[in-house]
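Only one structure is covered here, and it is reproduced in the block below.
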Amino acid sequence: MTKNVFLLIWFGLLLVLGCSNPNIINQVPQPEIQKGTVEFVFDDGKSDSINKSILRSVITDAKAIIVTIKDSSNQTVYDKKKLNLFTMNGKFISEPLSLIVGTYSLVEYLVVDTNDNVIFATPLAGSSKAYLVKNPLPITFTVAKDKSVKLIPEILDTANFTPTDFGYASFSFKVVKTLDFLLGVFAYDDFEENFILTTASIQIKGDDNVIYTSALEAKTNVITTNDDYANYEIIITKSGYKNYSKTVTNAELKGFADKPLVVVLEKDIEINFNNYEVKDIINTGSRIMATKVYGKYFYVLDGFRGLKIYDITDTSNPIFLKELNFYSGSYFDINNNYLYILYNYQKDIEVFDISNPVNPIFLSTIPNTKYIYKIAFKNNYIYGADLQKGVIIIDATNPLNATIVKEILITQGRRNLIIKDNYLFTSNQYESLRIFDITDPLNSFEIKAMPFTSDFIYDLTINNSYLYISSLSSVYILDINDIQNPIILKKLSTGSYSTKIYENYMFLANTSTFNMYDKTNIDNISLVSSFGSADFAHSTEIINSNLVYFIDIEGGILVTDISDKSTPKLIKMIKTSGCTSNFSIKDNYLYVADNGSGFQIFDITNIDNPVITANLFNQFDGSDVYIKDSYAYVSAFNKGIKIFDISNKLLPQTVASIEAKNYSARSITGKDNFIYFLDSSNMCIYDISTPSNPIIISTLKLNSTGNQICIKDNYIYIANAGEGLVIVDISDNSNPKIVNSIKITGSCYSVAIKDNYAYLADYQNGLKIVDISNIASLSIVKSIIYNGGKSVSINGNYAFFASNDEAKIIDISNPLNANTIKTIPVKETYGAIKFYNDHLLVGTAGGLVMIHE
């Protein structure tokens, strides 16, 4: 007899990465089992009934029923289960049958007499007698929590019929005495930061005979086995874990009928890391805002990452030289070896000397310029399109002391501008094109206001005597020979984010494709070719007649051969990725907090081919992410904590936010219905029983900035920049208390816990191992010098450590004699390092690096 009923149970023992403990089994809470019952009913034939026997007027000899029931996964729950019948008010009612909440199918229903002879049966659909009843088997029914459902199958007299008439092979059966017990198998998951129910295999021996084998799902399993044995051995196996074996008596096994047998598997990691190397990188976001070729250098402004500088001496193979790290850059331009960076509302224009592109030098800030959206140069003046005021003119004769000398006020401000000779052309999003004479910058005046279009204008380009206006749905070409009387010559019915001209070709970027047009004859412009964009076609940098850089705002730089104009060929793609701070994994989904692109979700069912399902870019900088149930809690620096409902992985929904009083929400974790996060030098505790309404419980002041947080039992372990390892007692969340700390020589960046040891990433010096067996008396028992330390995590007997441009794998089977067994070069290590499914994942300034064989 086989019985497998599975109930999904998630529970709230929440631990931080690395905080595993092989003795934790007693702390695993018992899963809640939700049950209901089903009873079977039919009349005795003395009154009208839809299920009365068609061959007998009165039923007197029915004593029991035999049922077979399957669950929604088509697993047999009860096989030929015998239920005694009772009579009440002219009806036969079976004894109640207990079932876990869910949907089931009744696939066999027989009525037997005192001698277990089948006297009535319900026919199966498709059998020769099925037409005689309204509802042949199978019959679907649902069991609700603490409710009793009554099922009334229609029955037919079996006299003069064969079992095959009803769809059965036979009416013979043997009722075996069985027992039921509940079983939950748990394993510690470093990414869940929790013990979770897991899949496994089970074998049961009764008095040394194998009597049951089955696969277990990641649910509470209800097992039915033979009740004839005095002793049972339960064996649980799972790849990557040590085998579990437990021998119990018959009475002890029956004791798990309502209170599950909880099995916690211990990891058995023995991996050969010799062949591990960087294999791939998950691009976690970029947003190219502007590009420019200047001399033999190519400058790329990424709104998430800052400015990247490439050497394009070999134009087909740009070589990365330098990165200026900053956030929210929106535009830049270069004039006379001076670089001017705009920040789109965030701050004023910054000026850099780039005489040596490998070593840009910050010079100054231009006051009162933070609303300037775009700039252009003429002589020693900078002309800015200001979103609020109109046109701003800046004297930049001395870039160290550039100052505003004139404001041309225009209603609704300006967004675009371009200069030709002594004339400035400017537009805003929707209103009009305006032309100014700037022969004398201090006495500039308007010469033409041209109502133009209600379409959204993105870009202005001038080539010879033609002005090209790129808008959301069209590209307009204007003859500007007569500056006071521009004439619209042509309208292309295709939108473009930008327009670039080279010789007789026009290059448009219309979000989904890059299009090349032949404009030899303005009256008959023709499409030559289209080149697909992975994400968002933004603009084009034309290098020469045979080579262009197509700029994909999120996908990167597409170095493309256009020697054959009809068939552009991609030579190389340059990614400008985000900075992966931290990440978590649950149910084949990877959740990434990225310092630049915010929060992202990837489907990693095939971990070697991650597929992005959601990208909340440009909303905030992500620092850390904690997953509980169907909610993601993302720490977002100055934006505080963002709480998302992630039930729909394609469309996460914001349900709440928590303000960061110190504007620096960093590491976050949780336990039970509480989250704990670091906000600069504060540790904050919130009740998240209702995720949409988090309630503050307490705040604990630290002596310096906290970088990472970890939980073990009732203690919080904080990697603190100035104090080293700080330990906080959280047995009373309303009154957390610092109970001890231990300083290290450098700055403590990360912490992971295993058994009685804390593993610290010292930003200056490498790995420190601290004995925490006695919290009142902490001591450093091992130090390993590395080139810095940014992050550390534990999996089994291995510590994984991110130092500067390297990933380290450390054998910690004996913490006092921990030793490095593998060093893997990883460029620009930045955030977390974790081991999952034979893959080592490292957060870097270029995205999430995957290392494996």
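Of the residues in the range 240-262, at least one is in contact with a Lys or Arg (Cβ under 8 Å, 6 or more places away or on another chain), aromatic (Phe, Trp, Tyr) and crowded, with 16+ Cβ neighbours inside 10 Å. Looking across 396, 385, 376, one residue alone is touching a Lys or Arg at 6+ places or on another chain (Cβ under 6 Å) and in contact (Cβ under 8 Å) with a residue 24 or more places away in the chain. It is 385. The strands (runs of 3 or more DSSP E) located wholly in the range 791-851 that include 2 or more residues which are modelled with pLDDT of 90 or more and buried (at least 22 other Cβ atoms within 10 Å of the Cβ) occupy 791-795, 798-803, 806-811. Residues in the range 320-356 that are more than 23 Å from residue 387 (Cβ to Cβ) and modelled with pLDDT under 90: 320, 321, 322, 323, 324, 325. Residues in the range 139-189 that are small (Gly, Ala, Ser) and surrounded by fewer than 19 Cβ atoms within 10 Å (Cβ to Cβ): 144, 148, 159, 169, 170, 172.
Strands (runs of 3 or more DSSP E) fully within the range 204-260 that include at least 2 residues being out of contact with any Phe, Trp or Tyr (no Cβ under 6 Å at 6 or more places or on another chain), aliphatic (A, V, I, L, M) and at pLDDT below 90: 209-216. Among the candidates 769, 785, 727, the residue that is farther than 19 Å from residue 668 by Cβ and either at pLDDT 95 or above or not assigned by TED's automatic domain parsing to the domain that holds residue 703 (or both) is uniquely 769. Among the residues making up the range 690-738, those that are out of contact with any Lys or Arg (no Cβ under 7 Å at 6 or more places or on another chain) and of a type in the set (D, E, K, R) are 701, 712, 713, 732, 737. If the condition is being part of a loop (DSSP other than H, G, I, E, B) and hydrophobic (A, V, I, L, M, F, W, C), then the range 87-123 contributes only 101.
Per the conditions (1) of a type outside the set (Gly, Ala, Ser); (2) in a loop (DSSP other than H, G, I, E, B); (3) modelled with pLDDT under 85; (4) surrounded by fewer than 20 Cβ atoms within 10 Å (Cβ to Cβ), the sole criterion not satisfied by residue 576 is (4). Per the listing 45, 126, the residue uniquely more than 18 Å from residue 180 (Cβ to Cβ), modelled with pLDDT under 90 and either in a strand (DSSP E or B) or not hydrophobic (A, V, I, L, M, F, W, C) (or both) is 45. The requirement of being surrounded by fewer than 17 Cβ atoms within 10 Å (Cβ to Cβ), on the phi < 0 side of the Ramachandran plot, at pLDDT 85 or above and not polar (S, T, N, Q) is fulfilled nowhere in the range 506-515; no residue meets it.
The listed residues are 473, 496, 529, and the only one of them that is assigned to a strand (DSSP E or B) and either more than 30 Å from residue 615 (Cα to Cα) or out of contact with any His (no Cβ under 8 Å at 6 or more places or on another chain) (or both) turns out to be 529.
Scanning the range 532-542 for residues that are at pLDDT below 85 and surrounded by fewer than 21 Cβ atoms within 10 Å (Cβ to Cβ) yields 532, 534, 535, 536. Is it the case, given these coordinates, that residue 382 is over 30 Å from residue 582 (Cα atoms) and out of contact with any helix residue (DSSP H, G or I) (no Cβ under 8 Å at 6 or more places or on another chain)? The answer is yes for residue 382. The selection criterion, being assigned to a loop (DSSP other than H, G, I, E, B) and without any contact (Cβ under 8 Å) to a residue 60 or more places away in the chain, does not hold for residue 699. The listed residues are 469, 501, 477, 487, and the only one of them that is touching a helix residue (DSSP H, G or I) at 6+ places or on another chain (Cβ under 7 Å) and either of a type in the set (A, V, I, L, M, F, W, C) or free of Cβ contacts under 8 Å to residues at least 24 places away in the same chain (or both) turns out to be 477. Exactly one residue out of 834, 822, 827 is basic (Lys, Arg) and under 21 Å from residue 711 (Cβ atoms): that is 834. Scanning the range 114-134 for residues being over 15 Å from residue 80 (Cα atoms) and exposed (fewer than 15 other Cβ atoms within 10 Å of the Cβ) gives a total of 8.
Across the range 163-181, the qualifying residues are those that are assigned to a loop (DSSP other than H, G, I, E, B) and hydrophobic (A, V, I, L, M, F, W, C), and the one among them that is modelled with the lowest pLDDT is 175.
If you go through the range 261-297 and keep only what is modelled with pLDDT of 75 or more, touching a Gly at 6+ places or on another chain (Cβ under 9 Å) and more than 30 Å from residue 204 (Cα to Cα), you end up with 288, 289, 290.
The requirement of being over 37 Å from the mean Cα position of the chain (by Cα), farther than 30 Å from residue 668 by Cα and either assigned to a strand (DSSP E or B) or without any contact (Cβ under 8 Å) to a residue 40 or more places away in the chain (or both) is fulfilled nowhere in the range 183-197; no residue meets it. Of the residues making up the range 663-696, those that are under 22 Å from residue 630 (Cβ atoms) and not in a strand (DSSP E or B) are 672, 673, 688, 689, 690, 691, 692, 693, 694.
The values are calculated or read from the model by the stated rules, or taken from the named source; none is laboratory data. Everything numeric in this text was worked out from a predicted model, so none of it was measured. In this analysis, Cβ positions are derived from the backbone assuming ideal geometry, glycine residues included, and neighbour counts consider all displayed protein chains.
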